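The values are calculated or read from the model by the stated rules, or taken from the named source; none is laboratory data. Quick caveat: nothing in here was measured; it's all calculated off a predicted structure. In this analysis, Cβ positions are derived from the backbone assuming ideal geometry, glycine residues included, and neighbour counts consider all displayed protein chains. With ligands, DNA and RNA removed, areas are computed over all heavy atoms of the protein, side chains included. Shrake-Rupley method; radii C 1.70, N 1.55, O 1.52, S 1.80 Å.
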Amino acid sequence: FSLPEGKMEHEASSGCEVLLVAGCYEQIIFGYRVKKPEQSWNPEPDFTHHAHTASLTIVAVNDQYVATGSKDEIIHLYNMKKKIDQGSLLHHAGTVTCLEFYGTTHLLTGAEDGIICVWDTKKWECLKSIPAHKGQVSSLSVHPSGKLALSVGTDKTLRTWNLINGKPAFIKNIKQNAQIVQWSPGGNSYIVASNNQLDIYTLETASINSTIMCKKRISSVKFITESIIGVAGEEEHVRLYDTNSKMCISEFKAHDIRVKAMHFFQVAQYHILATASNDGYIKLWQIDIKKLHGHPFLLSEVNTSARLTCLAVWLSNPTSIVQEIEEQEDAASNKHCKEKENKIKVASLDEDEYPKRGWQPPNKRKMAASTKERRKKNKQ
């Protein structure tokens with residue numbers, strides 16, 4: 001079930017649209033669209049959706065989909081190109097703690113149950129269910145090659161996974177529980193955040209090359225370049241660090257209270273760091289890669305009036321006329337087949353007392369959630 005070789009890119013050409021996607025404690029997912037970023041960066045409300053029955057914990061994006069995870073144990077999917085509800089993934093028993101797409105082909109998920117799942121994004125089948133940690137899976141990251149993945153959990157271990165066979169390649173005991181692990185864009189190094197400590201590892205030695213001590217517990221880390229990282233914690237400031245010198249090269253007040261999530265992306269010549277906070281604001285900061293010591297410029301902000309917990313940015317590249325025609329032809333030819341398939345899926349789901357694991361159609365998400373609650377009450 002190995003992932004295809006390739007490199008994840010968080011950038012788009014000119015003419016694309018930018019969609020800010022954020023989740024909150026109030027169980028709602030927000031979408032704000034920047035239609036013409038090169039002319040105006042002001043986000044406009046695009047959609048809101050009561051996506052889950054508990055607070056959202058994580059959101060992830062690729063070229064086509066947005067995936068959200070929650071404390072209700074469900075992963076919800078949205079097809080952004082077709083602008084439809086794609087349904088839900090039911091497999092984990094516990095809070096969904098991490099989601100990461102690899103290109104357009106796979107989605108990796110982790111949860112409190114200690115399981116890492118690898119999903120095929122075409123058929124939404126669970127290709128592999130890996131018992132990863134004795135405690136919860138706190139964070140995971142896929143190497144740009146698609147051959148390796150890293151994960152950390154509450155069992156105080158850092159685990160390297162061989163994604164070709166789905167088996168552990170290396171297990172390293174660490175002194176404290178880590179909450180974040182992340183590969184660098186080029187895959188030559190990776191960072192592990194434990195409380196307020198940030199360890200930088202090199203791929204060649206698989207050992208700590210340097211350590212950065214932050215003032216507060218770290219909530220989010222994003223690579224700006226191969227050696228520059230943005231760090232946010234349980235405070236209102238965001239800091240940029242050089243992993244080679246371990247020096248803080250820039251510091252700025254991003255929000256009035258703690259910063260919960262960040263996302264770095266590029267549109268044409270713009271390098272943007274998006275931040276989200278419990279104060280309800282999403283802000284877009286322009287970073288000058290050539291002058292990182294300077295203060296980032298605030299391009300725009302939007303108030304969601306909610307306590308935000310997670311953030312991601314979906315970039316829509318303009319679809320060619322040929323692709324649109326092909327999609328329309330495929331939709332027309334498969335219309336009747338899909339209608340029959342949906343009827344079969346709905347009928348089979350109604351016959352079962354409990355929902356099956358795996359992909360669930362959109363109109364059955366609420367039933368699946370209520371069934372989970374009934375099962376919990378029966379156990380009690």
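Which of the peptides 292-298, 115-121 is most tightly packed, and how do the rest follow, going by the mean number of other Cβ atoms within 10 Å of each residue? All intermediate terms of the calculation are to be shown ahead of the outcome.
Details: 292-298: 13.4, 115-121: 21.4.
The peptides rank, most packed first, as 115-121, 292-298.
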Response to the item:
With the 1.4 Å probe rolled over protein heavy atoms, the stretch 137-197 has an accessible area per residue in Å² of 38 Å²
Worksheet entry | Percent accessible area from carbon and sulfur atoms, the stretch 103-221, protein chains only, probe 1.4 Å | 48 percent
Worksheet item: Separation between the residue 176 and residue 64 pseudo-spin-labels, each 7 Å from Cα along Cα→Cβ, expressed in nm?
Response: 4.2 nm
Worksheet item: Are any of the pairs 128/260; 215/246; 222/283; 156/246 more than 19 Å apart by Cα-Cα distance, and if so, which?
Response: 128/260; 156/246
Response to the item:
Given all pairs of distinct Cα atoms, the stretch 190-259 yields a Kirkwood Rh in Å of 12.2 Å
Discussion item. Quick query: amide H of residue 271 versus all other amide H atoms, modeled in the peptide plane; which residues come in under 5 Å with a sequence gap of 5 or more or a different chain?
Written reply: 287
Fill in: Inter-label distance, nm, simple model (7 Å from Cα along the C-beta direction), residue 244/residue 197
2.6 nm
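Treat every Asp and Glu Cβ in the stretch 19-83 as -1 and every Lys and Arg Cβ as +1, leave all other atoms uncharged, and give the resulting dipole magnitude about the Cα centre to the nearest 20 debye.
Details: 7 positive and 7 negative charges, 54 e Å.
Charge dipole of the stretch 19-83: 260 debye, to the nearest 20.
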